[in-house]
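Here the structure comes first, spelled out in C-alpha coordinates, and everything after it is commentary.
The values are calculated or read from the model by the stated rules, or taken from the named source; none is laboratory data. What you are looking at is a predicted structure, and each value in this text was computed from that prediction instead of being measured. Cβ atoms come from the backbone with ideal geometry, glycine included; neighbour counts cover every protein chain shown.
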Protein chains: 2
Amino acid sequence: MAYYGFLNGQICPVEQLAIGATDLGLLRGYGLFDYFRTYNGRPFQWDWYWQRFMNSAAMLHMTVPIQKDEAYRTVMTLIEKSGGGDVGVRFVLTGGYSPDSISVLQPNLMMMAEELPPAAHSQHENGIKVILDEYVREMAEVKTTDYKRVIMLATAIQAAKAQDVLYHKNGEISELSRSNVFLLNGNRLITPNRHILHGITRKTVLQLAKADFVIEERPVLLSELYDADEVFTTSSTKQVLPITQIGDLTIADGRPGERTKYLHERFEELVSNW
Amino acid sequence: MAYYGFLNGQICPVEQLAIGATDLGLLRGYGLFDYFRTYNGRPFQWDWYWQRFMNSAAMLHMTVPIQKDEAYRTVMTLIEKSGGGDVGVRFVLTGGYSPDSISVLQPNLMMMAEELPPAAHSQHENGIKVILDEYVREMAEVKTTDYKRVIMLATAIQAAKAQDVLYHKNGEISELSRSNVFLLNGNRLITPNRHILHGITRKTVLQLAKADFVIEERPVLLSELYDADEVFTTSSTKQVLPITQIGDLTIADGRPGERTKYLHERFEELVSNW
(Lines give C-alpha, C1' and ligand atoms only; values in the text may rest on other atoms or scores of the structure.)
Protein backbone atom coordinates (compact mmCIF):
# COMPACT_ATOMS: atom_id res chain seq x y z
CA MET A 1 0.00 0.00 0.00
CA ALA A 2 1.40 3.41 -0.99
CA TYR A 3 0.83 6.34 1.34
CA TYR A 4 -0.05 9.59 -0.37
CA GLY A 5 1.18 13.11 0.15
CA PHE A 6 0.50 16.66 -0.97
CA LEU A 7 2.94 19.42 -1.88
CA ASN A 8 1.76 22.84 -3.02
CA GLY A 9 -1.31 21.48 -4.80
CA GLN A 10 0.13 18.24 -6.15
CA ILE A 11 -0.93 14.84 -4.74
CA CYS A 12 1.26 11.77 -5.27
CA PRO A 13 2.71 8.80 -3.37
CA VAL A 14 4.90 10.03 -0.52
CA GLU A 15 7.99 8.33 -1.95
CA GLN A 16 7.64 10.51 -5.07
CA LEU A 17 7.20 13.69 -3.05
CA ALA A 18 10.33 15.82 -3.35
CA ILE A 19 11.27 19.32 -2.36
CA GLY A 20 13.80 21.54 -4.10
CA ALA A 21 17.30 21.85 -2.68
CA THR A 22 16.99 25.57 -1.88
CA ASP A 23 14.13 25.08 0.56
CA LEU A 24 14.81 26.91 3.83
CA GLY A 25 13.51 24.00 5.88
CA LEU A 26 16.37 21.98 4.48
CA LEU A 27 19.09 24.67 4.31
CA ARG A 28 18.26 26.64 7.46
CA GLY A 29 16.09 24.45 9.64
CA TYR A 30 13.33 26.99 9.10
CA GLY A 31 10.31 24.76 9.34
CA LEU A 32 7.53 23.55 11.56
CA PHE A 33 5.21 20.60 11.50
CA ASP A 34 2.31 18.90 13.14
CA TYR A 35 1.25 15.30 13.37
CA PHE A 36 -2.09 13.75 14.18
CA ARG A 37 -3.69 10.41 13.63
CA THR A 38 -7.10 9.17 12.59
CA TYR A 39 -9.48 6.92 14.49
CA ASN A 40 -12.25 5.21 12.54
CA GLY A 41 -10.95 7.11 9.52
CA ARG A 42 -11.52 10.53 11.08
CA PRO A 43 -8.76 12.96 12.12
CA PHE A 44 -8.59 13.00 15.93
CA GLN A 45 -9.11 16.45 17.49
CA TRP A 46 -8.78 18.11 14.07
CA ASP A 47 -9.82 21.57 15.29
CA TRP A 48 -7.14 21.59 17.99
CA TYR A 49 -4.37 20.32 15.73
CA TRP A 50 -5.23 22.81 13.03
CA GLN A 51 -5.20 25.67 15.54
CA ARG A 52 -1.82 24.58 16.89
CA PHE A 53 -0.41 24.39 13.38
CA MET A 54 -1.66 27.92 12.69
CA ASN A 55 -0.16 29.13 15.99
CA SER A 56 3.23 27.56 15.21
CA ALA A 57 3.20 29.21 11.79
CA ALA A 58 2.38 32.60 13.32
CA MET A 59 5.24 32.23 15.83
CA LEU A 60 7.64 31.61 12.93
CA HIS A 61 6.13 34.54 10.97
CA MET A 62 4.79 32.27 8.24
CA THR A 63 1.39 32.16 6.60
CA VAL A 64 -0.23 28.77 5.99
CA PRO A 65 -1.05 28.77 2.25
CA ILE A 66 -4.28 26.79 2.57
CA GLN A 67 -7.62 27.31 4.28
CA LYS A 68 -8.82 24.98 7.02
CA ASP A 69 -11.67 23.49 4.97
CA GLU A 70 -9.46 22.76 1.99
CA ALA A 71 -6.80 21.26 4.26
CA TYR A 72 -9.42 18.96 5.76
CA ARG A 73 -10.67 17.87 2.33
CA THR A 74 -7.09 17.22 1.25
CA VAL A 75 -6.43 15.14 4.36
CA MET A 76 -9.53 13.06 3.63
CA THR A 77 -8.33 12.57 0.03
CA LEU A 78 -4.90 11.43 1.26
CA ILE A 79 -6.52 8.96 3.67
CA GLU A 80 -8.75 7.57 0.93
CA LYS A 81 -5.94 7.27 -1.63
CA SER A 82 -3.80 5.59 1.04
CA GLY A 83 -6.35 2.80 1.41
CA GLY A 84 -8.89 4.27 3.78
CA GLY A 85 -7.51 2.74 6.98
CA ASP A 86 -6.29 4.68 10.00
CA VAL A 87 -3.10 6.64 9.35
CA GLY A 88 -0.84 9.24 10.82
CA VAL A 89 -0.92 12.60 9.05
CA ARG A 90 2.06 14.94 9.01
CA PHE A 91 1.88 18.61 8.01
CA VAL A 92 5.21 20.31 7.28
CA LEU A 93 5.51 24.04 6.60
CA THR A 94 8.92 25.38 5.60
CA GLY A 95 10.33 28.78 4.68
CA GLY A 96 10.17 27.79 1.01
CA TYR A 97 12.60 28.26 -1.83
CA SER A 98 15.04 31.08 -1.20
CA PRO A 99 17.05 32.92 -3.86
CA ASP A 100 19.86 33.72 -1.42
CA SER A 101 19.55 30.86 1.08
CA ILE A 102 18.19 33.16 3.77
CA SER A 103 15.25 35.33 2.60
CA VAL A 104 11.73 33.96 2.96
CA LEU A 105 9.48 34.41 -0.08
CA GLN A 106 6.68 31.82 -0.13
CA PRO A 107 6.35 28.92 2.33
CA ASN A 108 6.16 25.34 1.13
CA LEU A 109 3.38 23.19 2.59
CA MET A 110 3.53 19.39 2.60
CA MET A 111 0.93 17.02 3.99
CA MET A 112 1.64 13.31 4.17
CA ALA A 113 -0.28 10.24 5.21
CA GLU A 114 1.98 7.81 7.07
CA GLU A 115 1.75 4.28 8.38
CA LEU A 116 0.92 4.29 12.08
CA PRO A 117 3.63 2.90 14.34
CA PRO A 118 2.79 -0.65 15.51
CA ALA A 119 0.68 -0.85 18.67
CA ALA A 120 2.96 -1.08 21.70
CA HIS A 121 0.95 -3.47 23.86
CA SER A 122 3.92 -4.71 25.86
CA GLN A 123 5.01 -1.13 26.57
CA HIS A 124 1.53 -0.37 27.87
CA GLU A 125 1.58 -3.50 30.01
CA ASN A 126 5.10 -3.10 31.40
CA GLY A 127 5.80 0.61 31.17
CA ILE A 128 8.84 2.17 29.55
CA LYS A 129 12.23 3.35 30.72
CA VAL A 130 13.54 6.82 29.89
CA ILE A 131 16.93 8.38 30.39
CA LEU A 132 17.44 11.92 31.71
CA ASP A 133 19.04 14.68 29.65
CA GLU A 134 19.79 18.23 30.77
CA TYR A 135 18.27 20.19 27.93
CA VAL A 136 15.36 22.39 27.02
CA ARG A 137 14.07 22.76 23.48
CA GLU A 138 14.56 26.17 21.94
CA MET A 139 11.07 27.62 21.37
CA ALA A 140 9.60 24.50 22.98
CA GLU A 141 6.07 25.90 22.59
CA VAL A 142 6.39 25.92 18.80
CA LYS A 143 6.37 22.63 16.94
CA THR A 144 9.49 23.44 14.92
CA THR A 145 11.31 20.69 13.08
CA ASP A 146 14.29 20.90 15.47
CA TYR A 147 14.73 17.38 16.87
CA LYS A 148 18.51 17.06 16.49
CA ARG A 149 18.89 16.42 20.19
CA VAL A 150 16.93 13.18 20.41
CA ILE A 151 18.47 11.83 17.21
CA MET A 152 21.91 12.47 18.70
CA LEU A 153 20.81 10.68 21.89
CA ALA A 154 19.57 7.58 20.04
CA THR A 155 22.68 5.57 20.87
CA ALA A 156 22.60 6.56 24.54
CA ILE A 157 18.92 5.63 24.77
CA GLN A 158 19.59 2.22 23.22
CA ALA A 159 22.64 1.62 25.39
CA ALA A 160 20.50 2.24 28.49
CA LYS A 161 17.84 -0.15 27.13
CA ALA A 162 15.49 2.82 27.36
CA GLN A 163 12.79 3.98 24.96
CA ASP A 164 13.04 7.74 25.22
CA VAL A 165 14.49 10.71 27.10
CA LEU A 166 13.05 13.07 29.70
CA TYR A 167 14.44 16.61 29.44
CA HIS A 168 15.19 18.68 32.51
CA LYS A 169 16.95 21.98 33.05
CA ASN A 170 17.63 24.08 36.14
CA GLY A 171 16.03 21.44 38.30
CA GLU A 172 12.76 21.41 36.36
CA ILE A 173 11.45 18.66 34.13
CA SER A 174 9.71 19.63 30.90
CA GLU A 175 8.84 16.87 28.43
CA LEU A 176 10.03 13.74 26.65
CA SER A 177 11.54 14.09 23.20
CA ARG A 178 8.15 13.94 21.46
CA SER A 179 5.59 13.60 24.25
CA ASN A 180 4.42 15.20 27.48
CA VAL A 181 4.92 13.92 31.00
CA PHE A 182 2.52 13.55 33.93
CA LEU A 183 3.04 12.60 37.59
CA LEU A 184 0.43 11.11 39.88
CA ASN A 185 0.82 11.72 43.57
CA GLY A 186 -2.17 10.48 45.52
CA ASN A 187 -5.17 12.11 43.92
CA ARG A 188 -3.11 14.88 42.30
CA LEU A 189 -2.36 14.78 38.57
CA ILE A 190 0.66 16.99 37.98
CA THR A 191 2.15 18.13 34.65
CA PRO A 192 4.65 20.82 33.63
CA ASN A 193 3.17 23.95 32.07
CA ARG A 194 6.29 25.57 30.64
CA HIS A 195 9.17 24.77 28.28
CA ILE A 196 6.84 22.25 26.65
CA LEU A 197 5.00 21.62 23.44
CA HIS A 198 1.36 21.76 24.46
CA GLY A 199 0.28 18.33 23.34
CA ILE A 200 -3.21 17.68 22.06
CA THR A 201 -3.24 14.30 23.83
CA ARG A 202 -2.07 16.12 26.99
CA LYS A 203 -5.04 18.48 26.65
CA THR A 204 -7.41 15.58 25.97
CA VAL A 205 -6.17 13.67 29.03
CA LEU A 206 -6.52 16.74 31.24
CA GLN A 207 -10.16 17.01 30.14
CA LEU A 208 -10.78 13.32 30.78
CA ALA A 209 -9.09 13.46 34.20
CA LYS A 210 -10.90 16.54 35.47
CA ALA A 211 -13.73 14.60 37.11
CA ASP A 212 -11.49 12.24 39.10
CA PHE A 213 -8.27 14.09 39.88
CA VAL A 214 -7.01 17.36 41.28
CA ILE A 215 -5.10 18.82 38.36
CA GLU A 216 -1.90 20.83 38.81
CA GLU A 217 -0.44 22.44 35.69
CA ARG A 218 2.71 24.17 36.94
CA PRO A 219 6.52 24.02 36.91
CA VAL A 220 7.52 20.56 38.13
CA LEU A 221 10.81 19.87 39.90
CA LEU A 222 13.03 16.97 38.95
CA SER A 223 13.04 16.03 42.64
CA GLU A 224 9.25 15.49 42.58
CA LEU A 225 9.87 12.31 40.61
CA TYR A 226 11.06 10.71 43.87
CA ASP A 227 7.65 11.19 45.46
CA ALA A 228 5.58 10.18 42.45
CA ASP A 229 3.27 7.16 42.76
CA GLU A 230 2.95 6.90 39.00
CA VAL A 231 4.45 8.61 35.96
CA PHE A 232 3.18 8.47 32.40
CA THR A 233 3.64 10.15 29.06
CA THR A 234 1.10 11.21 26.44
CA SER A 235 1.30 11.67 22.70
CA SER A 236 -0.78 11.10 19.57
CA THR A 237 0.71 7.67 19.02
CA LYS A 238 1.61 6.69 22.62
CA GLN A 239 -1.77 7.71 24.03
CA VAL A 240 -1.31 7.24 27.82
CA LEU A 241 1.86 5.24 28.36
CA PRO A 242 3.29 4.34 31.79
CA ILE A 243 6.89 5.26 32.64
CA THR A 244 8.27 2.90 35.25
CA GLN A 245 11.98 3.76 35.19
CA ILE A 246 13.67 7.18 34.86
CA GLY A 247 17.43 6.91 34.72
CA ASP A 248 18.36 5.02 37.89
CA LEU A 249 15.05 5.75 39.58
CA THR A 250 12.35 3.09 39.66
CA ILE A 251 8.88 4.62 40.00
CA ALA A 252 7.04 3.01 42.95
CA ASP A 253 7.27 -0.79 42.55
CA GLY A 254 8.33 -0.59 38.91
CA ARG A 255 4.92 -1.66 37.60
CA PRO A 256 2.40 0.53 35.76
CA GLY A 257 -0.05 2.06 38.22
CA GLU A 258 -3.80 1.65 38.40
CA ARG A 259 -4.62 5.31 37.81
CA THR A 260 -2.50 5.42 34.68
CA LYS A 261 -4.38 2.35 33.41
CA TYR A 262 -7.67 4.01 34.33
CA LEU A 263 -6.79 7.12 32.32
CA HIS A 264 -5.65 5.03 29.38
CA GLU A 265 -8.98 3.17 29.41
CA ARG A 266 -10.87 6.49 29.45
CA PHE A 267 -8.74 7.59 26.48
CA GLU A 268 -9.40 4.38 24.58
CA GLU A 269 -13.14 4.76 25.17
CA LEU A 270 -13.00 8.25 23.75
CA VAL A 271 -11.12 7.29 20.59
CA SER A 272 -13.10 4.09 19.97
CA ASN A 273 -16.18 6.27 19.53
CA TRP A 274 -14.41 9.04 17.58
CA MET B 1 23.76 30.74 -16.45
CA ALA B 2 22.59 27.67 -14.53
CA TYR B 3 24.42 26.71 -11.38
CA TYR B 4 24.99 23.01 -10.90
CA GLY B 5 24.56 20.74 -7.93
CA PHE B 6 25.24 17.19 -6.82
CA LEU B 7 23.03 14.83 -4.82
CA ASN B 8 24.14 11.29 -4.01
CA GLY B 9 26.07 10.84 -7.26
CA GLN B 10 23.77 12.76 -9.61
CA ILE B 11 24.83 16.13 -11.10
CA CYS B 12 22.19 18.52 -12.48
CA PRO B 13 21.20 22.19 -12.41
CA VAL B 14 20.48 23.25 -8.82
CA GLU B 15 16.89 24.16 -9.65
CA GLN B 16 16.28 20.53 -10.63
CA LEU B 17 17.91 19.19 -7.48
CA ALA B 18 15.24 17.79 -5.16
CA ILE B 19 15.25 15.76 -2.01
CA GLY B 20 12.57 13.31 -0.87
CA ALA B 21 9.98 14.41 1.66
CA THR B 22 11.10 11.95 4.35
CA ASP B 23 14.59 13.42 4.63
CA LEU B 24 15.49 14.06 8.28
CA GLY B 25 17.06 17.39 7.42
CA LEU B 26 13.63 18.54 6.34
CA LEU B 27 11.47 16.70 8.91
CA ARG B 28 13.72 16.96 11.97
CA GLY B 29 16.25 19.70 11.31
CA TYR B 30 18.90 16.99 11.41
CA GLY B 31 21.43 18.46 9.06
CA LEU B 32 24.67 20.37 8.79
CA PHE B 33 26.33 22.32 6.06
CA ASP B 34 29.37 24.25 5.04
CA TYR B 35 29.93 27.06 2.61
CA PHE B 36 33.08 28.30 0.93
CA ARG B 37 33.87 30.36 -2.10
CA THR B 38 36.38 30.21 -4.89
CA TYR B 39 38.99 32.79 -5.86
CA ASN B 40 40.50 32.56 -9.32
CA GLY B 41 38.41 29.42 -9.77
CA ARG B 42 40.01 27.61 -6.82
CA PRO B 43 38.25 26.73 -3.57
CA PHE B 44 39.57 29.03 -0.85
CA GLN B 45 41.13 27.21 2.14
CA TRP B 46 39.74 23.90 0.90
CA ASP B 47 41.63 21.78 3.47
CA TRP B 48 40.25 23.76 6.38
CA TYR B 49 36.69 23.77 5.10
CA TRP B 50 36.76 20.05 4.43
CA GLN B 51 38.09 19.36 7.89
CA ARG B 52 35.39 21.51 9.48
CA PHE B 53 32.71 19.72 7.47
CA MET B 54 34.08 16.37 8.66
CA ASN B 55 34.16 17.62 12.25
CA SER B 56 30.56 18.85 12.08
CA ALA B 57 29.48 15.48 10.70
CA ALA B 58 31.29 13.64 13.50
CA MET B 59 29.62 15.85 16.11
CA LEU B 60 26.22 14.91 14.68
CA HIS B 61 27.24 11.22 14.50
CA MET B 62 27.09 11.14 10.71
CA THR B 63 29.51 9.78 8.18
CA VAL B 64 30.29 11.83 5.07
CA PRO B 65 29.57 9.45 2.18
CA ILE B 66 32.37 10.74 -0.07
CA GLN B 67 36.15 10.90 0.14
CA LYS B 68 37.98 14.24 0.16
CA ASP B 69 39.59 13.75 -3.26
CA GLU B 70 36.32 12.83 -4.92
CA ALA B 71 34.56 15.74 -3.22
CA TYR B 72 37.22 18.09 -4.59
CA ARG B 73 36.87 16.71 -8.11
CA THR B 74 33.09 17.04 -7.86
CA VAL B 75 33.41 20.65 -6.72
CA MET B 76 35.66 21.41 -9.70
CA THR B 77 33.10 19.78 -12.02
CA LEU B 78 30.29 21.88 -10.52
CA ILE B 79 32.37 25.04 -10.99
CA GLU B 80 33.14 24.16 -14.60
CA LYS B 81 29.54 23.26 -15.46
CA SER B 82 28.39 26.48 -13.79
CA GLY B 83 30.46 28.54 -16.22
CA GLY B 84 33.90 28.45 -14.66
CA GLY B 85 33.71 31.78 -12.85
CA ASP B 86 34.02 32.27 -9.09
CA VAL B 87 31.14 30.80 -7.13
CA GLY B 88 30.01 29.96 -3.65
CA VAL B 89 29.86 26.24 -2.87
CA ARG B 90 27.44 24.80 -0.32
CA PHE B 91 27.74 21.31 1.13
CA VAL B 92 24.66 19.99 2.94
CA LEU B 93 24.64 16.70 4.85
CA THR B 94 21.33 15.50 6.28
CA GLY B 95 20.16 12.49 8.26
CA GLY B 96 18.75 11.01 5.04
CA TYR B 97 15.49 9.27 4.31
CA SER B 98 13.90 7.78 7.39
CA PRO B 99 11.31 5.00 7.45
CA ASP B 100 9.80 6.25 10.72
CA SER B 101 10.65 9.98 10.61
CA ILE B 102 13.26 9.60 13.34
CA SER B 103 15.78 6.77 12.69
CA VAL B 104 18.95 7.58 10.75
CA LEU B 105 19.88 5.08 8.05
CA GLN B 106 22.05 6.67 5.35
CA PRO B 107 22.90 10.39 5.18
CA ASN B 108 22.10 12.47 2.10
CA LEU B 109 24.90 14.64 0.73
CA MET B 110 24.24 17.63 -1.51
CA MET B 111 26.82 19.97 -2.99
CA MET B 112 25.73 23.08 -4.85
CA ALA B 113 27.45 25.86 -6.73
CA GLU B 114 25.79 29.21 -6.03
CA GLU B 115 26.02 32.72 -7.36
CA LEU B 116 28.21 34.85 -5.10
CA PRO B 117 26.42 37.69 -3.33
CA PRO B 118 27.13 41.05 -5.02
CA ALA B 119 30.25 42.84 -3.77
CA ALA B 120 29.32 45.17 -0.91
CA HIS B 121 31.65 48.08 -1.65
CA SER B 122 29.55 50.66 0.15
CA GLN B 123 29.33 48.44 3.23
CA HIS B 124 33.10 48.15 3.28
CA GLU B 125 33.44 51.91 2.87
CA ASN B 126 30.84 52.92 5.43
CA GLY B 127 30.61 49.98 7.80
CA ILE B 128 27.44 48.19 8.79
CA LYS B 129 24.96 48.45 11.63
CA VAL B 130 23.93 45.42 13.67
CA ILE B 131 21.26 44.97 16.29
CA LEU B 132 21.78 43.09 19.53
CA ASP B 133 19.93 39.89 20.41
CA GLU B 134 20.17 37.89 23.62
CA TYR B 135 20.74 34.43 22.27
CA VAL B 136 23.34 31.76 21.84
CA ARG B 137 23.20 29.14 19.12
CA GLU B 138 22.63 25.58 20.30
CA MET B 139 25.79 23.62 19.43
CA ALA B 140 27.33 26.83 18.09
CA GLU B 141 30.59 25.02 17.29
CA VAL B 142 28.83 22.75 14.81
CA LYS B 143 27.67 24.19 11.51
CA THR B 144 24.15 22.76 11.81
CA THR B 145 21.40 24.06 9.57
CA ASP B 146 19.64 25.74 12.50
CA TYR B 147 19.29 29.41 11.50
CA LYS B 148 15.66 29.97 12.51
CA ARG B 149 16.66 32.78 14.84
CA VAL B 150 18.06 35.18 12.26
CA ILE B 151 15.23 34.48 9.82
CA MET B 152 12.77 35.36 12.57
CA LEU B 153 14.76 38.54 13.28
CA ALA B 154 14.75 39.68 9.64
CA THR B 155 11.94 42.18 10.19
CA ALA B 156 13.58 43.63 13.32
CA ILE B 157 16.89 43.99 11.48
CA GLN B 158 15.22 45.80 8.59
CA ALA B 159 13.17 48.02 10.91
CA ALA B 160 16.40 49.11 12.61
CA LYS B 161 17.97 49.80 9.18
CA ALA B 162 20.61 47.28 10.23
CA GLN B 163 22.32 44.54 8.24
CA ASP B 164 22.72 41.79 10.82
CA VAL B 165 22.53 40.81 14.47
CA LEU B 166 25.18 40.34 17.16
CA TYR B 167 24.30 37.61 19.65
CA HIS B 168 25.10 37.96 23.34
CA LYS B 169 24.17 35.97 26.41
CA ASN B 170 25.03 36.28 30.09
CA GLY B 171 26.97 39.45 29.35
CA GLU B 172 29.19 37.82 26.73
CA ILE B 173 29.14 38.43 23.00
CA SER B 174 29.61 35.49 20.66
CA GLU B 175 29.06 36.04 16.95
CA LEU B 176 26.85 37.56 14.28
CA SER B 177 24.18 35.40 12.67
CA ARG B 178 26.58 33.97 10.07
CA SER B 179 29.94 35.59 10.79
CA ASN B 180 32.48 36.15 13.57
CA VAL B 181 33.20 39.35 15.42
CA PHE B 182 36.48 41.08 16.31
CA LEU B 183 37.28 44.12 18.46
CA LEU B 184 40.36 46.30 18.15
CA ASN B 185 41.52 48.14 21.23
CA GLY B 186 44.83 49.86 20.64
CA ASN B 187 47.16 47.19 19.36
CA ARG B 188 45.04 44.33 20.72
CA LEU B 189 42.90 42.25 18.38
CA ILE B 190 40.20 40.58 20.48
CA THR B 191 37.72 37.89 19.44
CA PRO B 192 35.42 35.49 21.33
CA ASN B 193 36.62 31.90 21.56
CA ARG B 194 33.44 30.20 22.76
CA HIS B 195 29.79 29.80 21.77
CA ILE B 196 30.93 30.45 18.20
CA LEU B 197 31.28 28.75 14.89
CA HIS B 198 35.02 28.74 14.28
CA GLY B 199 35.10 30.60 10.99
CA ILE B 200 37.70 29.85 8.35
CA THR B 201 37.91 33.55 7.52
CA ARG B 202 38.33 34.22 11.26
CA LYS B 203 41.24 31.76 11.32
CA THR B 204 42.74 33.28 8.17
CA VAL B 205 42.52 36.81 9.60
CA LEU B 206 44.11 35.69 12.88
CA GLN B 207 47.06 34.31 10.87
CA LEU B 208 47.35 37.49 8.82
CA ALA B 209 47.15 39.70 11.93
CA LYS B 210 49.71 37.82 13.99
CA ALA B 211 52.65 39.92 12.85
CA ASP B 212 51.08 43.27 13.66
CA PHE B 213 48.69 42.75 16.57
CA VAL B 214 48.55 41.22 20.03
CA ILE B 215 45.87 38.58 19.63
CA GLU B 216 43.40 37.73 22.39
CA GLU B 217 41.08 34.77 21.77
CA ARG B 218 38.93 34.62 24.89
CA PRO B 219 35.44 35.24 26.26
CA VAL B 220 34.52 38.84 25.40
CA LEU B 221 32.12 40.91 27.48
CA LEU B 222 29.32 42.90 25.93
CA SER B 223 30.61 45.87 27.92
CA GLU B 224 33.94 45.73 26.08
CA LEU B 225 32.20 47.10 23.03
CA TYR B 226 32.13 50.50 24.78
CA ASP B 227 35.93 50.60 24.84
CA ALA B 228 36.53 49.29 21.33
CA ASP B 229 38.33 51.53 18.84
CA GLU B 230 37.13 49.40 15.96
CA VAL B 231 34.82 46.43 15.47
CA PHE B 232 34.59 44.21 12.41
CA THR B 233 33.09 40.94 11.29
CA THR B 234 34.55 38.16 9.15
CA SER B 235 32.99 35.56 6.89
CA SER B 236 33.60 33.83 3.57
CA THR B 237 31.56 36.38 1.68
CA LYS B 238 31.97 39.45 3.93
CA GLN B 239 35.75 39.03 4.23
CA VAL B 240 36.73 41.77 6.74
CA LEU B 241 33.76 44.10 7.12
CA PRO B 242 33.66 47.08 9.52
CA ILE B 243 30.84 47.38 12.06
CA THR B 244 30.26 50.99 12.97
CA GLN B 245 26.99 50.80 14.88
CA ILE B 246 25.79 48.17 17.38
CA GLY B 247 22.26 48.82 18.59
CA ASP B 248 22.38 52.36 19.99
CA LEU B 249 26.15 52.34 20.33
CA THR B 250 28.29 54.10 17.72
CA ILE B 251 31.79 52.64 17.54
CA ALA B 252 34.40 55.42 17.91
CA ASP B 253 33.50 58.19 15.40
CA GLY B 254 31.15 55.94 13.42
CA ARG B 255 33.59 55.50 10.53
CA PRO B 256 35.49 52.33 9.60
CA GLY B 257 38.89 52.30 11.31
CA GLU B 258 42.32 52.21 9.74
CA ARG B 259 43.36 48.88 11.22
CA THR B 260 40.22 47.18 9.93
CA LYS B 261 41.03 48.55 6.47
CA TYR B 262 44.60 47.36 6.84
CA LEU B 263 43.45 43.83 7.67
CA HIS B 264 40.97 43.84 4.80
CA GLU B 265 43.78 44.85 2.44
CA ARG B 266 45.97 42.01 3.72
CA PHE B 267 43.03 39.65 3.16
CA GLU B 268 42.46 40.92 -0.38
CA GLU B 269 46.14 40.46 -1.18
CA LEU B 270 45.96 36.87 0.00
CA VAL B 271 42.89 35.97 -2.05
CA SER B 272 44.00 37.82 -5.17
CA ASN B 273 46.96 35.44 -5.35
CA TRP B 274 44.96 32.33 -4.35
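Brief remarks follow.
- Summed over segment B:124-168, residues that are in contact (Cβ under 8 Å) with a residue 12 or more places away in the chain and either in a loop (DSSP other than H, G, I, E, B) or over 22 Å from residue B:220 (Cα atoms) (or both) total 23.
- The residues on offer are A:95, A:29, and the sole one that is touching a residue at least 60 places away in the same chain (Cβ under 8 Å), surrounded by 22 or more Cβ atoms within 10 Å (Cβ to Cβ) and at positive phi is A:29.
- Residue ID - farthest from the other protein chains (Cβ to nearest Cβ), chosen from residues in segment A:2-30 that are in contact with a Phe, Trp or Tyr (Cβ under 9 Å, 6 or more places away or on another chain) and assigned to a strand (DSSP E or B): A:11
- Of all residues in segment B:31-70, those satisfying the criterion of being under 16 Å from the mean Cα position of the chain (by Cα) and assigned to a loop (DSSP other than H, G, I, E, B) are B:44, B:45.
- Meets criteria (more than 15 Å from the chain's Cα centre (by Cα) and among the acidic types (Asp, Glu)) for residue A:134: yes
- Taken over segment B:102-144, the residue count meeting the criterion of being out of contact with any strand residue (DSSP E or B) (no Cβ under 7 Å at 6 or more places or on another chain), within 12 Å of chain A (Cβ to nearest Cβ) and of a type in the set (S, T, N, Q) is 1.
- Residue B:184 vs. criteria in contact with a Lys or Arg (Cβ under 6 Å, 6 or more places away or on another chain) and in a strand (DSSP E or B): yes
- Condition met for residue B:76 (facing chain A (nearest Cβ under 9 Å) and either over 30 Å from residue A:2 (Cβ atoms) or aliphatic (A, V, I, L, M) (or both)): no
- Matching option when the condition is surrounded by fewer than 21 Cβ atoms within 10 Å (Cβ to Cβ), in contact (Cβ under 8 Å) with a residue 12 or more places away in the chain and assigned to a strand (DSSP E or B), among A:268, A:224, A:216: A:216
- Filter result for the condition that a residue is of a type in the set (A, V, I, L, M), over 30 Å from residue A:5 (Cα atoms) and in contact (Cβ under 8 Å) with a residue 24 or more places away in the chain, over B:64, B:89: B:89
- Filter result for residue B:137 (crowded, with 20+ Cβ neighbours inside 10 Å, assigned by TED's automatic domain parsing to the domain that holds residue B:263 and in contact with a Phe, Trp or Tyr (Cβ under 8 Å, 6 or more places away or on another chain)): yes
- Contact map, segment B:248-259: residues that are part of a loop (DSSP other than H, G, I, E, B) and charged (D, E, K, R) paired with residues that are at pLDDT 95 or above and buried (at least 19 other Cβ atoms within 10 Å of the Cβ), Cβ distance under 9 Å, separation 6+ or inter-chain. Pairs shown: B:253/B:244; B:255/B:127; B:255/B:242; B:255/B:244.
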